[in-house]
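Structure record follows, encoded as structure tokens.
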Amino acid sequence: MSWTSIVVLVAGAFGCKLFGVFGLGRLAGGTTTRFEPLTALIPAALFAALITTQTVAGDQTLVLDARIVGVGAGAIAVWRRTPFVVVLLVAMAVTAAVRWQTWL
Amino acid sequence: MNGHRREGFVLAAATGIVGVTFGVLADAAGLTLPQVLVMSALVFTGASQLAAVSVVGSGGSEVAAVGSALLLAARNALYGPVVARLLPDSWLPKAASAQFVIDETTAMAVIQDDDAHAADAFWWTALWLWSFWNIGSIVGVWLGAVIGEPEVWGLDAAFPAAFVALLVPHLRHQPGRVAAFGGAALAVASIPIAPAGVPLLVAALAVVPGWLVGRRRSDEVST
């Protein structure tokens, strides 16, 4: 990659974060709290979408592979109130095992 | 260590392993170690960095690489209004803090009970995450050949599994459940028709039905 591309990427990524904190942040903070009920729900919507895309997204296609089994096992571990570190290890181990057995 | 600091540490350690994946792919795509260091230290948003080096590694153009990376970085803007009140008031420290407004820090901050704990969780997660992410990236460049395919270790399941745990507190009230279910549904619907990153932005629209459900319920309580 050229240094130009990397500088553009650095500036663009930081610009997104700045716009969020200063531009959109003004909607939620300061004197107007009108949008607070809406912004409070952003993590719920985005984290659910992150889980979904990281689990079933391929290259602009839906892909069902070892990830869904591993993340499912992780979800069961969460439901059983397993410590956080164990949840991650269960998800990784199950995904790796399914891959090793089937090359899903 | 406090519970949230320990969880932030574990989350950061897991992300550091994803950083190794980034280092491996960046090295394979022909990036130099200084380039990898600058990206991890200053871009500091994992999905974007992975997308950029994947596009370049698979022979895509640099414009496409930067474009897809920035689409994935755009969601960080949506976290701004969520955590802005936890950041310093004066503009320069606030601008510098914005660098750390990403998935993991927001997630750890918003599940705390009060703002003091939220700010503490935000900063400890940011500190651990930045350290592990950069160390992981360097290790990936150095040990790429030894590690081989990162998928063999199931590393790609660690991030979504972590976010299952981080999502659960948001499911305890109905507006949160509606927003989460709606967000997941909108993401699934848009994955086949939009480039990576866009499904996350579309999913943010699910806050609207969640908010409507919450407003109706509070009306019922007040009448």
Some residue of region A:17-34 being in contact with a helix residue (DSSP H, G or I) (Cβ under 8 Å, 6 or more places away or on another chain), closer than 28 Å to residue B:153 by Cβ and not acidic (Asp, Glu) = no
If only one of A:18, A:64, A:50, A:104 is at pLDDT below 95 and in a helix (DSSP H, G or I), which one is it?
-> A:50
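Just name the residue that is nearest to residue B:186 (Cα to Cα) out of those in region A:78-96 that are more than 8 Å from every other protein chain (Cβ to nearest Cβ) and in a helix (DSSP H, G or I). Talk me through it step by step, then tell me what you get.
Just the residues of region A:78-96 that are more than 8 Å from every other protein chain (Cβ to nearest Cβ), to begin with: A:79-83, A:86, A:89.
Next, from what is left, pick out any that are in a helix (DSSP H, G or I): A:79, A:86, A:89.
Numbers: A:79: 24, A:86: 30, A:89: 29 Å.
Only one residue fits best here, namely A:79.
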Sole residue being closer than 25 Å to residue B:54 by Cα and touching a residue at least 60 places away in the same chain (Cβ under 8 Å), chosen from B:157, B:196, B:187, B:204 = B:196
Under the condition of being in contact with a Leu (Cβ under 8 Å, 6 or more places away or on another chain) and facing chain A (nearest Cβ under 7 Å), which residue from region B:30-50 is surrounded by the most Cβ atoms within 10 Å (Cβ to Cβ)?
-> B:48
Could you count how many residues in region B:166-188 are surrounded by fewer than 22 Cβ atoms within 10 Å (Cβ to Cβ) and farther than 21 Å from residue B:69 by Cα?
-> 9
Working carefully through the options A:70, A:15, find the one that is within 7 Å of chain B (Cβ to nearest Cβ) and of a type in the set (Gly, Ala, Ser).
-> A:70
Among (1) part of a loop (DSSP other than H, G, I, E, B); (2) closer than 23 Å to residue B:155 by Cβ, the one test that residue B:88 misses | (2)
Have a look at B:200, B:205 and point out the one that is touching a Leu at 6+ places or on another chain (Cβ under 7 Å), surrounded by fewer than 17 Cβ atoms within 10 Å (Cβ to Cβ) and not assigned by TED's automatic domain parsing to the domain that holds residue B:13.
-> B:205
Any chance region B:98-117 includes a residue that's surrounded by 21 or more Cβ atoms within 10 Å (Cβ to Cβ), more than 12 Å from chain A (Cβ to nearest Cβ) and assigned to a helix (DSSP H, G or I)?
-> no
In region B:60-88, residues that are facing chain A (nearest Cβ under 10 Å), out of contact with any Ser or Thr (no Cβ under 9 Å at 6 or more places or on another chain) and surrounded by fewer than 17 Cβ atoms within 10 Å (Cβ to Cβ) total 2
For region B:26-73, name all the residues that are assigned to a helix (DSSP H, G or I), more than 15 Å from the chain's Cα centre (by Cα) and β-branched (Val, Ile, Thr).
-> B:36, B:38, B:53, B:55, B:56, B:63, B:66
Examine region B:144-151 for a residue that is surrounded by fewer than 18 Cβ atoms within 10 Å (Cβ to Cβ) and within 12 Å of another protein chain (Cβ to nearest Cβ), and state whether such a residue exists.
-> yes
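Filter region B:164-180 for residues that are hydrophobic (A, V, I, L, M, F, W, C) and within 7 Å of chain A (Cβ to nearest Cβ); which is nearest to residue A:86 (Cα to Cα)?
B:165
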Pairing a residue in region B:129-146 that is more than 26 Å from residue B:107 (Cα to Cα) with any residue that is surrounded by fewer than 16 Cβ atoms within 10 Å (Cβ to Cβ), where Cβ atoms lie under 7 Å and the two sit 6 or more apart in sequence or on different chains, gives B:141/B:33
Please indicate, with yes or no, whether at least one residue in region B:12-25 is at pLDDT 95 or above, out of contact with any Cys (no Cβ under 8 Å at 6 or more places or on another chain), crowded, with 19+ Cβ neighbours inside 10 Å and farther than 19 Å from residue A:17 by Cβ.
-> no
So is residue B:204 within 16 Å of the chain's Cα centre (by Cα) and either modelled with pLDDT of 95 or more or within 7 Å of chain A (Cβ to nearest Cβ) (or both) or not?
-> yes
Write out, first by first residue and then by second, each pair whose Cβ atoms fall under 6 Å of each other, whose residues are 6+ apart or on separate chains, and whose first residue, in region B:1-22, is within 15 Å of residue B:40 (Cβ to Cβ) and facing chain A (nearest Cβ under 10 Å) while the second is buried (at least 23 other Cβ atoms within 10 Å of the Cβ) and among the small types (Gly, Ala, Ser).
-> none
May I ask you to say which residue of A:53, A:82, A:4, A:39 is over 21 Å from residue B:107 (Cβ atoms) and polar (S, T, N, Q)?
-> A:4
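The values are calculated or read from the model by the stated rules, or taken from the named source; none is laboratory data. Keep in mind that what you see is a predicted model, and the values were worked out from it rather than measured. When we count neighbours, we look across all protein chains shown, and the Cβ atoms used for this are built from the backbone with ideal geometry, even at glycine.
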